[in-house]
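Engineer: Shown below is the structure under consideration.
The values are calculated or read from the model by the stated rules, or taken from the named source; none is laboratory data. Since the structure is predicted, the reported quantities are computational estimates derived from the model, not experimental observations. Here the Cβ is made from the backbone with ideal geometry for all residues, glycine too, and neighbour counts use every protein chain on show. Protein only, heavy atoms only, side chains kept; ligands, DNA and RNA dropped before computing areas. Shrake-Rupley method; radii C 1.70, N 1.55, O 1.52, S 1.80 Å.
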Amino acid sequence: MIIIIDEASEKLASFYYHDEIFKLQWKRADDMSSASDELHDEFQEKLYVVLPADESINDFQKTTIQESADNTAKANTGNLRIPKAPTDCIWIVSNRQQKQIADSLGIASVGEPQCGTRYAVESLAELDIEYLERVRRRYNHIPWDIGETDRCLIRELSLSDLPALYELYDKPGMTDFVEPLYDYETELEYQKAYIENMYGFYEYGMWLVFSKETGKLIGRAGLEHNEMGYMIAPELWNQGYATEVCRFIIDYARKNTDFEELYCRIDERNTASVRLAKKLGFTNSGHMDEDINASIYRKNIKNNEKH
């Protein structure tokens, strides 16, 4: 990720972060002695670039700097030039003009409310690298990585995952106790709206579970408000995957939401899910969801208990 920032905002951010902004190494484009003259001309002291701390200047110059110098797109105002790969960049804007330029170039932007960005912060003091990376991904329709367990990677769904999702739902037993997917075109439209509204607004939802070993989709799990849901491919049943993933989700909800409790809706005929819920510390509340003939299991997640 390349972070673009102007001099005024850089000084303000330096005040907040005591010249160690986001614990990264900052370099002005015109201070990079081995960068090309072309790069110097492009930035003309208007832009600053953030270099990740774990990359050396030389490594950065061999890749992003040279590519930026060789492949640039000129904006419609002044001499401002931006690297040709806008999806790699995020711009910390300080005014509406910068935001408009960022939009015209297809670059994600973030700024204070008066700048008019979709992703606004009250001050630069609120920014950190994780937030900027998530804004960049959301703007470019790149799914967020949510986390990992010993054997699984958990991330948001993207539309390119739909074929694999259909394969998962077509496995024996997968839809015994959950609704099947819609037809492809309807599901596509549903997931577009889900990504925009559920992920985009709440920053959680039903995620995808991938095997670290094979990279294949092996399940779905996540949160829809304070309801936890989960499903694992049948070839991996009784191997602890659901327990592993659900413990991650409970911990995620405890740390990242204001929910006091989570609940699950479980058909009592689904004895494996009933056992798992009890193992995780959920208890039958005595209430039913009559629409789907499911018992409501609940768990307090703010008491710091580990299960």
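Engineer: Quick check on the stretch 101-113. Is at least one of its residues out of contact with any Leu (no Cβ under 8 Å at 6 or more places or on another chain), over 23 Å from PRO86 (Cα atoms) and part of a helix (DSSP H, G or I)?
Structural biologist: No, the stretch 101-113 contains no residue that is out of contact with any Leu (no Cβ under 8 Å at 6 or more places or on another chain), over 23 Å from PRO86 (Cα atoms) and part of a helix (DSSP H, G or I).
Engineer: When you check ALA242 against the structure, is it surrounded by 13 or more Cβ atoms within 10 Å (Cβ to Cβ), modelled with pLDDT under 95 and aliphatic (A, V, I, L, M), yes or no?
Structural biologist: Considered against the rule, which asks whether it is surrounded by 13 or more Cβ atoms within 10 Å (Cβ to Cβ), modelled with pLDDT under 95 and aliphatic (A, V, I, L, M), ALA242 comes out as no.
Engineer: Search the stretch 149-165 for residues being more than 23 Å from ARG265 (Cα to Cα) and part of a helix (DSSP H, G or I), and hand back the single one that is least open to solvent (accessible area, probe 1.4 Å).
Structural biologist: This residue is LEU162.
Engineer: Just give me the residues in the stretch 120-148 being crowded, with 17+ Cβ neighbours inside 10 Å, of a type outside the set (A, V, I, L, M, F, W, C) and not in a helix (DSSP H, G or I), in sequence order.
Structural biologist: Passing the criteria: only PRO143.
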